[in-house]
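Below is one structure, written out as structure tokens, with a few remarks after it.
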Amino acid sequence: MKRILTLILGLACLSANAQNINDVLRLGLEESQGTARYQAMGGAFGALGGDLSSLNSNPAGSAIFNYGQFAISGSNYNRSNDQGYGSSFNNTTLNSVELNQVGGVFVFNSQNPNSNWKKMALAVNYDLVDSFDNEYRINGNSTTGVDQYFLGFANGVPFGSINYDPNSEFVDDVYLEIGELQNFGNQQAFLGYAGGLISPADPDNPDGESYLSNTEYSQVNQRYLQSTAGYNSKFTLNFSGQYQENLYLGASLNFHSVLFERFTQLDEDGYITDSPVNFSSFDNLLQTEGNGFSFSLGAIAKLNDNIRVGGSYQSPTWYYLNDNLSQQINSNLADSEIRFINFNLINFYEDYTIQTPSKVTGSAAIVFGKDGLLSFDYSHQDFSKAELRPNNDPVFEEENTFIASELGAVNSYKLGGEYRIERLSLRGGYQIIESPYADKQIMDDLSGYSAGLGYDFGGSKLDLSFVHTEQDMDFALLDAASNTAASTFTNTNVTLTYTLKF
């Protein structure tokens, strides 16, 4: 029989609400990752170069190298999430270990003493742009139940378009058909109806567009879990050169790889005694994978023995992605066969593109000979210009309008310093990355400090860094719902880098 088979059915849905402003920010906002030296100095390397991760700030940085190097870095990521929800306070922590950087640079000195080009450098580098491994657990009370999520989709949808006959139709077939032939919103309306959480105001009117909740409450008890995994990695191919004595020019091609998985689980009870629904559960599993491309151009100039300035342009990053989504729902009023809508039933969506905005960076540094240095980077990135594509998709067009109205310019400020005592280097840094939202209640600025040290053995180096960042925001339990938790996200990274000179 059909019911014995595992169902993995595909559908094409141009109007999938699985892609939204959150995806743009997840891929567009990048914290300072890379080698331990780069992280310890807050990522302020745009006018310095001489570090493989400095290519993230300025592709001219590889021309600063005087000899070839190979570097490999590993990091321990500690995430602590403090979240207030209703009258409850929740904390979740997660530790993970990643190989976050590996690369090398090859330096070719000119053999012609009369050439204006003194040397050339070729670099290849892998950086973990972002690790998506995280976990959030929230328990608390709310005056907004999950029924409101489904009513938000259902109201305005003719009942006849989502009604079905359980005696002659399989609930899982109808769920997929509505997603394929109608849209994501109607599919969610059907899911709420089949899950017993909502009902049409007039079940005898197929043209009726009003729905009522089957739940009654003044407040509900909610238990929420979100677990995310995956990465955004970047492979960089870089070419640079030193022109005469004081000018360094460079260009990079960047190839991204994205894998993201998000599992959410929302259990709800605490309804009043005579509520038709007395418990509900709603789970989602979203998977995203794809690749991206960008390029960057940059220059560094030595104004004198002590002062350096730099400038760089990072193109938009074009991500080519595909999503699949699985859901499951249950309540005491759910369809008797609701169990067949489960994680074996997969919605496959058409490929789409996210274009994150370009970035420009200006930098300055003071070098105190062999004793140390101070460096500062300023970057500007306008997130109102981010886009979901194809542009002819009406849902993407609406979301792009929303992005343009809600998001604005992100200015970032990075300050770093290094003090050398013979072979030992002591480092510190500070950074502020402004919120893309005008309303900082939604997402506040990210701020962080860093410290580190390094020891040069002559033919090799060992560097260690400690980075601590914090950011406040309203954390949404469901993308299309109003339930949010007042959250403080704290990340602490410890990175160790080994560098071999050749």
Q: Give the residues of the range 143-187 that are assigned to a helix (DSSP H, G or I), of a type in the set (A, V, I, L, M, F, W, C) and within 20 Å of Asn330 (Cβ to Cβ), sorted by residue number.
A: Phe150, Leu151, Phe153, Ala154, Val171, Val174, Leu176, Ile178
Q) Can you find a residue in the range 71-79 that is surrounded by fewer than 16 Cβ atoms within 10 Å (Cβ to Cβ) and either on the phi > 0 side of the Ramachandran plot or not in a strand (DSSP E or B) (or both)? A) no
(Q) Looking at the range 407-415, can you tell me whether even one residue there is closer than 22 Å to Phe475 by Cα and at pLDDT below 95? (A) no
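Condition check ((1) out of contact with any Cys (no Cβ under 7 Å at 6 or more places or on another chain); (2) of a type in the set (A, V, I, L, M, F, W, C); (3) more than 19 Å from Thr144 (Cβ to Cβ)) across all residues:
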| site | (1), (2), (3) |
| --- | --- |
| Asn183 | no, no, yes |
| Leu197 | yes, yes, no |
| Pro203 | yes, no, yes |
| Ser213 | yes, no, no |
| Tyr217 | yes, no, no |
| Asn221 | yes, no, no |
Q: Determine if the range 410-424 includes at least one residue that is in contact (Cβ under 8 Å) with a residue 60 or more places away in the chain, surrounded by 15 or more Cβ atoms within 10 Å (Cβ to Cβ) and within 30 Å of Asn90 (Cβ to Cβ).
A: yes
Q) For the range 370-386, what are the residues that are free of Cβ contacts under 8 Å to residues at least 60 places away in the same chain, over 20 Å from Ser296 (Cβ atoms) and open to solvent by less than 70 Å² (accessible area, probe 1.4 Å)? A) Gly372, Ser384
Q | Pairs with Cβ under 7 Å, 6+ apart, first in the range 219-246 and closer than 30 Å to Val277 by Cβ, second part of a strand (DSSP E or B) and of a type in the set (Lys, Arg) | A | Leu225/Arg137; Gln226/Arg262; Thr228/Arg262
(Q) Condition (residue is touching a residue at least 12 places away in the same chain (Cβ under 8 Å) and either of a type in the set (Lys, Arg) or more than 30 Å from Ile338 (Cβ to Cβ) (or both)) applied to the range 265-287: is it met by at least one residue? (A) no
Q. Quick one: which of Phe190, Phe106 is assigned to a helix (DSSP H, G or I), surrounded by 15 or more Cβ atoms within 10 Å (Cβ to Cβ) and at pLDDT 95 or above?
A. Phe190
Q | Selected residue [on the phi < 0 side of the Ramachandran plot and open to solvent by 50 Å² or more (accessible area, probe 1.4 Å)] from Phe239, Phe260 | A | Phe239
Q: State whether the residues of the range 14-35 include one that is outside any loop (DSSP other than H, G, I, E, B), under 21 Å from Thr495 (Cα atoms) and open to solvent by less than 40 Å² (accessible area, probe 1.4 Å).
A: no
Q) Are there any pairs, at least 6 apart or on different chains, whose C-beta atoms fall under 9 Å, with the first in the range 339-359 and without any contact (Cβ under 8 Å) to a residue 60 or more places away in the chain and the second among the aliphatic types (A, V, I, L, M) and assigned to a loop (DSSP other than H, G, I, E, B), and if so, which? A) Asn342/Leu7; Gln355/Ala386
Q: Name, by its number, the condition in (1) farther than 30 Å from Phe293 by Cα; (2) out of contact with any helix residue (DSSP H, G or I) (no Cβ under 7 Å at 6 or more places or on another chain); (3) at pLDDT 95 or above that does not hold for Gly230.
A: (1)
(Q) For the condition touching a residue at least 12 places away in the same chain (Cβ under 8 Å) and under 30 Å from Ser465 (Cα atoms), what is the one hit in Ile432, Ile442, Ile403? (A) Ile432
(Q) Checking Gly61 against (1) among the small types (Gly, Ala, Ser); (2) open to solvent by 10 Å² or more (accessible area, probe 1.4 Å); (3) closer than 26 Å to Glu245 by Cα: exactly one of these is not met. Which one? (A) (2)
Q. Can you name the residue in the range 477-500 that is open to solvent by 40 Å² or more (accessible area, probe 1.4 Å) and at pLDDT below 95 and, of all such residues, is farthest from Ser227 (Cα to Cα)?
A. Ser482
**Q.** Asp335 being open to solvent by less than 10 Å² (accessible area, probe 1.4 Å), within 30 Å of Tyr193 (Cα to Cα) and in contact (Cβ under 8 Å) with a residue 12 or more places away in the chain
**A.** no
**Q.** Failed item in (1) crowded, with 20+ Cβ neighbours inside 10 Å; (2) of a type in the set (Ser, Thr, Tyr); (3) at pLDDT below 95, with Tyr175 passing the rest
**A.** (3)
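The values are calculated or read from the model by the stated rules, or taken from the named source; none is laboratory data. Being a predicted model, the structure only gives us computed values, none of them experimental. As a convention, Cβ positions derive from the backbone with ideal geometry for all residues, glycine included, and neighbour counts pool all protein chains shown. Just the protein is used for accessible areas: all its heavy atoms, side chains included, with ligands, DNA and RNA removed. Shrake-Rupley method; radii C 1.70, N 1.55, O 1.52, S 1.80 Å.
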